1. Tell me, yes or no, whether segment 307-322 has at least one residue that is open to solvent by less than 50 Å² (accessible area, probe 1.4 Å) and closer than 23 Å to ASN389 by Cβ.
2. Looking at segment 206-242, which of its residues are hydrophobic (A, V, I, L, M, F, W, C) and within 15 Å of GLU418 (Cα to Cα)?
3. How many residues, within segment 271-302, are open to solvent by 10 Å² or more (accessible area, probe 1.4 Å) and either under 32 Å from the mean Cα position of the chain (by Cα) or farther than 29 Å from LEU190 by Cα (or both)?
4. Starting from residues that are polar (S, T, N, Q) and surrounded by fewer than 21 Cβ atoms within 10 Å (Cβ to Cβ), keep the ones in segment 182-219 and report whichever is nearest to the chain's Cα centre (by Cα).
5. What about SER455, is it in a helix (DSSP H, G or I), among the small types (Gly, Ala, Ser) and open to solvent by 60 Å² or more (accessible area, probe 1.4 Å)?
6. Only one of these is modelled with pLDDT of 85 or more and among the hydrophobic types (A, V, I, L, M, F, W, C): ALA424, ALA399, ALA440, ALA411. Name it.
7. Condition first: open to solvent by 20 Å² or more (accessible area, probe 1.4 Å), without any contact (Cβ under 8 Å) to a residue 24 or more places away in the chain and part of a helix (DSSP H, G or I). Can you find one or more residues in segment 248-266 that meet it?
8. Quick one: how many residues across segment 333-359 are open to solvent by 10 Å² or more (accessible area, probe 1.4 Å) and either on the phi > 0 side of the Ramachandran plot or in contact (Cβ under 8 Å) with a residue 40 or more places away in the chain (or both)?
Amino acid sequence: MAIPTAFSLAKVESLSSSAAVATPAVSIGLFCNPGWVRRVGIQKGLGNSGIRCEVAASDVLDQSQSSGGNLKTSAADRYTKEKSSIVVIGLSIHTTPVEVREKLAIPEAEWPRAIGELCNLNHIEEAAVLSTCNRMEIYVVALSQHRGVKEVTEWMSKTSGVPVTEICKHRFLLYNNDATQHIFEVSAGLDSLVLGEGQILAQVKQVVKVGQGVTGFGRNISGLFKHAITVGKRVRTETNIAAGAVSVSSAAVELALMKLPESCHATARMLVIGAGKMGKLVIKHLVAKGCTKMVVVNRSEDRVSAIREEMKDVEIIYKPLTEMLNSAAEADVIFTSTASETLLFNKENVLDLPPVASSVGGLRLFVDISVPRNVGACVNELENARVYNVDDLKEVVAANKEDRLRKAMEAQAIISEESNQFEAWRDSLETVPTIKKLRAYAERIRVAELDKCMSKMGDDISKKTKKAVDDLSRGIVNKLLHGPMQHLRCDGSDSRTLSETLENMHALNRMFSLETDISVLEQKIRAKVEQTQK
């Protein structure tokens with residue numbers, strides 16, 4: 001797979017696909033986007049230096065485990081003692097062509113269903129879906145990295161119809177700290193085609209909005225995305241990275257004007273199909289470039305009327321979808337941004353359109369920013385038409401490289417700081433069960449001893465005395481627990497390291513036999529492991 005040199009993140013994990021020969025993977029630094037590094041696994045040996053997928057290695061692992069009955073009996077214990085991993089399985093504009101991305105795209109209305117199905121997989125505890133025109137990324141909390149990735153990849157293949165081998169060819173895999181840093185970069189606009197664009201932050205917010213109340217959008221994933229929103233806001237505020245940056249819609253307008261003769265910018269006939277968020281932005285950017293008249297095709301007139309109210313100095317003509325081809329026949333440039341899952345234009349119906357004037361270059365331009373695409377690539381085979389999709393917008397983002405690089409470096413420092421804070425928060429979750437168990441243990445003793453005391457004092461004591469004794473017992477317990485509780489917290493606010501906190505946790509578990517109380521999460525993990533062994 002070719003790795004683009006501009007604005008591309010080669011974020012791929014490499015594992016050997018051979019069971020017979022085990023070869024080490026070497027991690028090297030690859031500078032792709034301005035100001036940050038990602039690890040890329042390069043396969044050594046076997047006469048193949050290409051980037052490989054991980055499924056085969058997981059298959060080998062599964063085969064070796066199935067032959068070891070003794071491993072099955074300890075599997076539940078092993079998983080309950082290991083910290084689960086945050087994993088992102090992603091395909092983006094940097095690694096995957098649009099014809100693959102559009103098959104894997106999941107509409108926003110289907111995100112809750114997808115989360116539910118992902119969390120029903122044996123090794124997945126939590127999940128979230130971020131599906132936009134430029135990326136399709138699935139974030140999960142996995143009990144096992146390799147098995148989790150294998151299950152999610154197979155699920156993606158099953159739901160999209162794209163073969164596993166094809167997904168592996170283009171996907172990237174990131175784990176834990178790298179996964180955290182990636183979503184922070186995405187939210188900050190550092191991983192966007194147009195550096196610093198603001199639309200992606202709104203899309204990350206939408207993931208949280210849709211996930212609220214959905215079983216499977218759990219504490220870790222929810223916390224990750226909420227923290228990503230904070231990072232996105234902070235980066236834009238402190239670095240001003242969005243200043244002068246353009247959105248995908250703006251880049252689409254810039255591309256169209258680049259392809260038209262400069263003399264006809266003000267007179268070219270513009271048609272916008274779709275009046276949703278992207279279509280509205282296209283209209284706004286056309287107006288900003290001096291366009292005073294355009295035709296908008298949409299399913300209903302309500303949205304077009306609302307846009308017309310906002311831009312009263314511009315002539316916006318509404319046409320229904322039934323008039324789409326007739327409107328296209330009278331347009332020089334056609335922007336498409338609809339949610340249609342079928343093509344609006346193919347070679348046959350574009351061939352029937354009348355030619356455009358030589359004064360506008362003699363070519364009818366289609367700028368398609370929809371995923372799935374609205375215009376078939378076959379239209380490019382015609383002599384009098386050209387099609388540009390979201391992958392072609394790279395041509396527009398080549399300016400102000402040094403300024404973007406400087407701002408990206410500033411943003412990266414913020415992201416590094418925020419990543420450390422998030423990891424400290426997530427590490428602190430490790431001790432939460434012990435804190436709860438210790439409090440419950442102390443409360444049981446307090447209540448038992450209080451009952452003994454009350455029974456000795458007889459029935460004639462006053463309510464005021466009972467309350468005083470109860471308050472006394474609570475105060476003593478809270479004072480005694482204060483020290484141990486402080487040593488179980490590791491949120492980055494003091495110099496205590498995670499290893500010291502975990503040592504304290506294990507010591508308290510041993511001293512008070514707290515490990516014998518199996519948590520609900522541990523029971524769920526054990527149930528999932530046992531299910532895989534049947």
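The values are calculated or read from the model by the stated rules, or taken from the named source; none is laboratory data. Being a predicted model, the structure only gives us computed values, none of them experimental. With ideal geometry, Cβ positions are generated from the backbone for all residues, glycine too; neighbour counts draw on all protein chains shown. Surface areas here come from the heavy atoms of the whole protein model, side chains and all, with no ligands, DNA or RNA. Shrake-Rupley method; radii C 1.70, N 1.55, O 1.52, S 1.80 Å.
1. no
2. Keep residues of segment 206-242 that are hydrophobic (A, V, I, L, M, F, W, C), which gives 207-208, 210, 214, 217, 221, 224-225, 228-229, 231, 235, 241-242.
Within segment 206-242, LEU224, PHE225, ALA228, ILE229, VAL231, VAL235 meet the criteria.
3. Final tally of qualifying residues: 18.
4. Keep residues of segment 182-219 that are polar (S, T, N, Q), which gives 187, 192, 199, 203, 206, 212, 215.
Restricting the remaining residues to those that are surrounded by fewer than 21 Cβ atoms within 10 Å (Cβ to Cβ) gives 199, 203, 206, 212, 215.
On the way: GLN199: 14, GLN203: 9, GLN206: 11, GLN212: 16, THR215: 18 Å.
Taking the candidates together, the pick is GLN203.
5. Numbers: in a helix (DSSP H, G or I): yes; among the small types (Gly, Ala, Ser): yes; open to solvent by 60 Å² or more (accessible area, probe 1.4 Å): yes.
Yes.
6. Numbers: ALA424 fails: modelled with pLDDT of 85 or more; ALA399 fails: modelled with pLDDT of 85 or more; ALA440 fails: modelled with pLDDT of 85 or more.
When all the criteria are applied, what remains is ALA411.
7. Going residue by residue through segment 248-266, those that are open to solvent by 20 Å² or more (accessible area, probe 1.4 Å) are 254, 257-259, 261-263, 265-266.
Subsequent filtering for residues that are without any contact (Cβ under 8 Å) to a residue 24 or more places away in the chain retains 262.
With part of a helix (DSSP H, G or I) added as a condition, the list becomes 262.
Scanning segment 248-266, I find at least one residue that is open to solvent by 20 Å² or more (accessible area, probe 1.4 Å), without any contact (Cβ under 8 Å) to a residue 24 or more places away in the chain and part of a helix (DSSP H, G or I), so the answer is yes.
8. As a first pass, look at segment 333-359 and keep what is open to solvent by 10 Å² or more (accessible area, probe 1.4 Å): 337-344, 346-349, 351-359.
With either on the phi > 0 side of the Ramachandran plot or in contact (Cβ under 8 Å) with a residue 40 or more places away in the chain (or both) added as a condition, the list becomes 337-339, 344, 359.
Total meeting the criteria: 5.
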